[in-house]
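Engineer: Mind looking over this structure? Questions follow.
The values are calculated or read from the model by the stated rules, or taken from the named source; none is laboratory data. All of these numbers come straight from a predicted model, not from anything done at the bench. No Cβ is skipped: glycine too gets one built from the backbone with ideal geometry, and neighbour counts run over all protein chains shown.
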Amino acid sequence: MDIRHATRADIPIILTFIKELAVYEKMADQVEATETALEKWLFDDPKAHVFVVFEGRKAVGFSLYFTHFSTFKGKPGIYIEDIYIQKASRGKGYGKALFKRFAKMAKDEDYGRIEWSCLDWNTPSIEFYLSLGAKPMKGWSVYRLEGDTIDDLLT
C-alpha cells in the first residue's frame, strides 16, 4: 500500500472515484465535477487536496480534504470531504491508513481537529468511524445553500 498526494496525472482516476462514490451514495445524478474543474481547483488555484491510495501500482481509493478554522480552538483543522476505497479493496486497512495520515498531519501542523460528514444510512462507514474512536456531533445538523438558493439570496 502507498498513499501519496495526487498529481495532475491522477485527475482522471480521481473523477472516476468521485463517480463511484456518488453511485455508492445513491447520488450519481448529482455529479457535476469535470476533469477541467478538478484541475483548476486542485492544482491551478488549489482549494482542496487529494490523497490517492495505491495497492501496488493500482489506484484503489482517494480522499479529498481541505483546511478550515475553528474560532473556538483558535487553530485550523482538517475537513475530509470524501474518503473512498473501492469495494474489492475494503477491509485491508486502507481507510485506517488514510485516517492515520490525517492524524499525523494534524499532529505535525498543530491542527485542532479532523472532521467529516457521513450519511445516516451508511452503517458500514459509521461503524468504521466509531472503531477509530470518532464521536458523532450530537445536536448539530449540516445546512447547505447551493444553486438556485445562492442565486435567490443575491436577489
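Engineer: Filter region 33-52 down to residues that are among the hydrophobic types (A, V, I, L, M, F, W, C) and without any contact (Cβ under 8 Å) to a residue 24 or more places away in the chain and give me whichever is farthest from residue 15 (Cα to Cα).
Structural biologist: If we take residues in region 33-52 being among the hydrophobic types (A, V, I, L, M, F, W, C) and without any contact (Cβ under 8 Å) to a residue 24 or more places away in the chain, then 41 is farthest from residue 15 (Cα to Cα).
Engineer: Please specify each residue of region 25-48 satisfying the condition of being of a type in the set (Asp, Glu), more than 24 Å from residue 124 (Cβ to Cβ) and surrounded by 13 or more Cβ atoms within 10 Å (Cβ to Cβ).
Structural biologist: Listed by number, the list holds a single entry, 39.
Engineer: Please determine whether any residue of region 104-115 is of a type outside the set (A, V, I, L, M, F, W, C), touching a residue at least 24 places away in the same chain (Cβ under 8 Å), surrounded by 12 or more Cβ atoms within 10 Å (Cβ to Cβ) and within 20 Å of residue 91 (Cβ to Cβ).
Structural biologist: no
Engineer: Name the residues in region 60-81 that are under 19 Å from residue 42 (Cα atoms), hydrophobic (A, V, I, L, M, F, W, C) and surrounded by fewer than 20 Cβ atoms within 10 Å (Cβ to Cβ), would you?
Structural biologist: Within region 60-81, 66, 80 meet the criteria.
Engineer: What's the number of the condition residue 122 fails, among (1) over 24 Å from residue 2 (Cα atoms); (2) free of Cβ contacts under 8 Å to residues at least 60 places away in the same chain?
Structural biologist: (2)
Engineer: List the number of the failed condition for residue 100; all other conditions in (1) exposed (fewer than 12 other Cβ atoms within 10 Å of the Cβ); (2) of a type in the set (Lys, Arg); (3) in a helix (DSSP H, G or I) hold.
Structural biologist: Single failed check for residue 100: (1).
Engineer: Scanning region 47-81 for residues that are among the hydrophobic types (A, V, I, L, M, F, W, C) and more than 13 Å from the chain's Cα centre (by Cα), which turns out nearest to residue 20 (Cα to Cα)?
Structural biologist: 60
Engineer: Within region 109-146, how many residues turn out to be within 20 Å of residue 24 (Cβ to Cβ) and in a strand (DSSP E or B)?
Structural biologist: Of the residues in that region, 1 qualify.
Residues are listed down the side, and each one gets a yes or a no for (1) of a type outside the set (Lys, Arg); (2) modelled with pLDDT of 95 or more; (3) in contact with a Pro (Cβ under 8 Å, 6 or more places away or on another chain):
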{"residue": "31", "(1), (2), (3)": "yes, yes, no"}
{"residue": "37", "(1), (2), (3)": "yes, yes, no"}
{"residue": "40", "(1), (2), (3)": "no, yes, no"}
{"residue": "60", "(1), (2), (3)": "yes, yes, no"}
{"residue": "68", "(1), (2), (3)": "yes, yes, yes"}
{"residue": "71", "(1), (2), (3)": "yes, yes, no"}
{"residue": "74", "(1), (2), (3)": "yes, yes, no"}
{"residue": "77", "(1), (2), (3)": "yes, yes, no"}
{"residue": "94", "(1), (2), (3)": "yes, yes, no"}
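Engineer: Let me ask something additional. Of everything in region 82-97 that's among the charged types (D, E, K, R) and loosely packed, with under 14 Cβ neighbours inside 10 Å, which residue is nearest to the chain's Cα centre (by Cα)?
Structural biologist: The selected residue is 96.
Engineer: Oh, and also: I'm trying to understand the selection: among the residues of region 60-103, which are basic (Lys, Arg) and either without any contact (Cβ under 8 Å) to a residue 12 or more places away in the chain or over 19 Å from residue 133 (Cβ atoms) (or both)?
Structural biologist: Step one: filter region 60-103 for residues basic (Lys, Arg), giving 73, 75, 87, 90, 92, 96, 100-101.
If the condition is that a residue be basic (Lys, Arg) and either without any contact (Cβ under 8 Å) to a residue 12 or more places away in the chain or over 19 Å from residue 133 (Cβ atoms) (or both), then 75, 87, 90, 92, 100 are the ones that fit.
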